[in-house]
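Single-structure report; data block below.
The values are calculated or read from the model by the stated rules, or taken from the named source; none is laboratory data. Not measured: the values here are computed from a predicted model. Quick reminder, even Gly has a Cβ in these numbers, built from the backbone with ideal geometry, and neighbours come from all protein chains shown. Each accessible area value is taken on the protein alone, full model and side chains, heavy atoms only, with ligands, DNA and RNA left out. Shrake-Rupley method; radii C 1.70, N 1.55, O 1.52, S 1.80 Å.
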Amino acid sequence: MRARAGHMALALIGIVAACGPVPVEQAELTCLRDAELAQRPRTNVAVGIGTGFDGDTRGFGSVSVDLSGDYLMGRDPSQVYDRCVQRRSGQPPRRPLADQPGWTG
């Protein structure tokens, strides 16, 4: 019984540790996507034609839209980025959003 309680305590410690802050560099990369979605929705359209085993030609397609609440609320992408990095890492960003590689704002 005592061994089982010890294993459960170790598992709980592992779960809590996994919820801790991430390095600021990792948070900046993750939060860049949040800032992009605050600026505009992301859409993806795929269309194609395929041939089945029976020789019939068929068309197919899909549409997806990623839409954030920050975009709908009209929030500033820079503020979304700053808050996200602070929340995930416990630290402010090393560089502002405008100076991040890959930012096209």
#### Entry: Residues of the stretch 84-105 classified as of a type in the set (A, V, I, L, M, F, W, C) and either farther than 23 Å from G69 by Cβ or touching a residue at least 60 places away in the same chain (Cβ under 8 Å) (or both), total
3
### Matching residues in the stretch 81-99 - criterion: being among the hydrophobic types (A, V, I, L, M, F, W, C) and over 8 Å from C31 (Cβ atoms)
L97, A98
### Message
Report every pair of residues separated by at least 6 positions or lying on different chains whose Cβ atoms are under 6 Å apart, first residue within the stretch 60-81 and closer than 13 Å to P41 by Cα and touching a residue at least 24 places away in the same chain (Cβ under 8 Å), second polar (S, T, N, Q) and open to solvent by 70 Å² or more (accessible area, probe 1.4 Å).
### Response
V65/T43
### Query
Checking G74 against (1) at pLDDT below 95; (2) on the phi > 0 side of the Ramachandran plot, which test does it fail?
(1)
### Wholly enclosed helices (runs of 4 or more DSSP H) of the stretch 23-105 bearing at least 1 residues in contact with a strand residue (DSSP E or B) (Cβ under 8 Å, 6 or more places away or on another chain) and surrounded by 12 or more Cβ atoms within 10 Å (Cβ to Cβ)
24-39
### Query
Just checking, how many residues over the stretch 54-69 are out of contact with any Pro (no Cβ under 8 Å at 6 or more places or on another chain), under 30 Å from A35 (Cα atoms) and of a type outside the set (S, T, N, Q)?
3
